1. Which pairs break 24 Å Cα to Cα here: B:Lys76/C:Lys115; A:Lys76/C:Lys69; A:Lys69/B:Lys115; C:Lys115/C:Lys151; B:Lys76/B:Lys115; B:Lys76/C:Lys76?
2. Calculate log10 I(q)/I(0) of the protein assembly as shown for q = 0.07, 0.09, 0.12 Å⁻¹, where I(q) comes from the Debye formula with a single equal point scatterer on each Cα and nothing for solvent.
3. Provide the per-residue ³J(HN,Hα) series for segment B:134-147, in order, calculated from phi with Karplus coefficients 6.51, -1.76, 1.60 and θ = phi - 60°, each as a whole number of Hz, with x at glycine and proline positions.
4. To the nearest 20 debye, what charge dipole does the protein assembly as shown have about its Cα centre, counting +1 at the Cβ of each Lys and Arg and -1 at the Cβ of each Asp and Glu?
5. For segment B:1-90, run through the GluC sites (Glu not before Pro) and keep only the ones in DSSP coil with at most 13 other Cβ atoms within 10 Å of their Cβ.
6. Between copies, how far does the label point of A:Gly148 sit from its twins, in nm, shortest first, when each point is 7 Å from Cα along Cα→Cβ?
7. Using only protein heavy atoms and a 1.4 Å probe, report how much of A:Met1 is accessible, in Å² to the nearest 10.
8. Under a Cβ-Cβ cut-off of 9 Å, what is the net charge of the residues other than B:Glu144 that fall near it, where Lys and Arg count +1 and Asp and Glu count -1?
Amino acid sequence: MRTHTRYMTFQTPERRQFVRITDDVEQAVREAGVSEGMVLVSAMHITAGVWVNDDEPGILEDTLEWLDKLAPPSWKPPANDVAEQLGPDPGDFRHHRGGEGAPRAWPVVGDAHWKNLLVHHQVVLPITDGRLDLGPWQAVFYAEFDGGRPKRLVIKVLGE
Amino acid sequence: MRTHTRYMTFQTPERRQFVRITDDVEQAVREAGVSEGMVLVSAMHITAGVWVNDDEPGILEDTLEWLDKLAPPSWKPPANDVAEQLGPDPGDFRHHRGGEGAPRAWPVVGDAHWKNLLVHHQVVLPITDGRLDLGPWQAVFYAEFDGGRPKRLVIKVLGE
Amino acid sequence: MRTHTRYMTFQTPERRQFVRITDDVEQAVREAGVSEGMVLVSAMHITAGVWVNDDEPGILEDTLEWLDKLAPPSWKPPANDVAEQLGPDPGDFRHHRGGEGAPRAWPVVGDAHWKNLLVHHQVVLPITDGRLDLGPWQAVFYAEFDGGRPKRLVIKVLGE
């Protein structure tokens, strides 16, 4: 059995951003020398996610707009009435005084925790014949919901 | 260490459909000859998911109705005001010109990408004593959100 | 290759409750004697989930309130208009007569199935140098959405 670990660090210029990492995961698989197995790709933060979908600007823009309705930020006005009602009932997140990165310039990151829940923070991908065994449109994204500071991700390859 | 890979292809008559695949996954585990390990079940498309839940018609019908509110299609009228407001702001998905399967009869599959995000495209299941180690009500479903054409899924068994 | 399996049983006093299990997962990793690998943490029920996030009371309270809007219970009044519209259209869940635990004191657990979908019922965590390889704020929670009775979870360690 072989295992291999690779860490990545992101400091996105945007507060929220999708970063394509398919090639980085593929490279970790090659480094591992694994021909059959699985690779875990996991954000090490509670305000980020990993998503496998289409690398197409329209869908990424649509998706961020939609996530801002389902999991509305308290640091900007709600997108519409539905987003307002889906926000926290006290008018702001109870998650105020503590948590990752506090104290800091953006104290209220409650929405990023909810986006982490919806998107999920990790994914496991199959390895076949030494390659990521993805469908033709499947790209792997690190999904940053509270960027502008260093954030880590771990890639763990397991197989033979 | 043993590994085993099995592919499945679905062409559902319905545009959206839950297909129970528990027995197929169980069969892949038997084929692998693995008594202890994990099995990854992963849709190879960006408009489908894999869900573990109850094989009960009511909950599946409820869930599809609900997903159509949270991630509203643009190819049919919104279910209600909330669904309308959760749709894309330009009135239709930006994800128009490209993506999986384009050009085709159903150009606008933005909602299927969002359902893929909510349901998640893959699941990892435990193998114990050569069997899927599921609870009594856990069934494995391939969740099709843009069917009527061949779609693939990969099952990857890893263990000993 | 080494594998190790541990089961946990929860009987939460509250109907819904987040139970921190990071130390239990860490202990299973130690018992396994695995230094490099992965650990699967998976609820064996269709009305529970596993979430990795911050062990901070505010975010957990915010999140349960929010999940009750996105996936509204039919056993209590909806939180607001949006929650009401996101509920099942027949006025109650079709998922009535059957399913896990029926017949019982709380016959209508449709919302717990939806929360299972949103939160996801399992997670895979990396193991490095014999430890869970989590970020500083990542805690592992069993997320109960229909408690008050015994519920099981499986931890499966795989590695070397």
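1. Values: B:Lys76/C:Lys115 26 Å; A:Lys76/C:Lys69 20 Å; A:Lys69/B:Lys115 15 Å; C:Lys115/C:Lys151 16 Å; B:Lys76/B:Lys115 16 Å; B:Lys76/C:Lys76 31 Å.
Table pairs above 24 Å Cα-Cα are B:Lys76/C:Lys115; B:Lys76/C:Lys76.
2. After summing over all Cα pairs, the log10 values are -0.32, -0.54, -1.04.
3. My calculation for segment B:134-147 gives 9, x, x, 9, 7, 10, 9, 10, 7, 10, 8, 10, 7, x Hz in order.
4. Details: 51 positive and 72 negative charges, 166 e Å.
Dipole size: approximately 800 debye.
5. B:Glu14
6. 4.5, 4.5
7. Spelled out: A:Met1, probe radius 1.4 Å, area about 60 Å².
8. Neighbour charge sum, excluding B:Glu144 itself: +1.
The values are calculated or read from the model by the stated rules, or taken from the named source; none is laboratory data. What you are looking at is a predicted structure, and each value in this text was computed from that prediction instead of being measured. Here Cβ is always computed from backbone atoms with ideal geometry, including for glycine, and neighbour counts include all displayed protein chains. When the accessible area is computed, the model is the full protein with side chains, heavy atoms only, and any ligands, DNA or RNA have been set aside. Shrake-Rupley method; radii C 1.70, N 1.55, O 1.52, S 1.80 Å.
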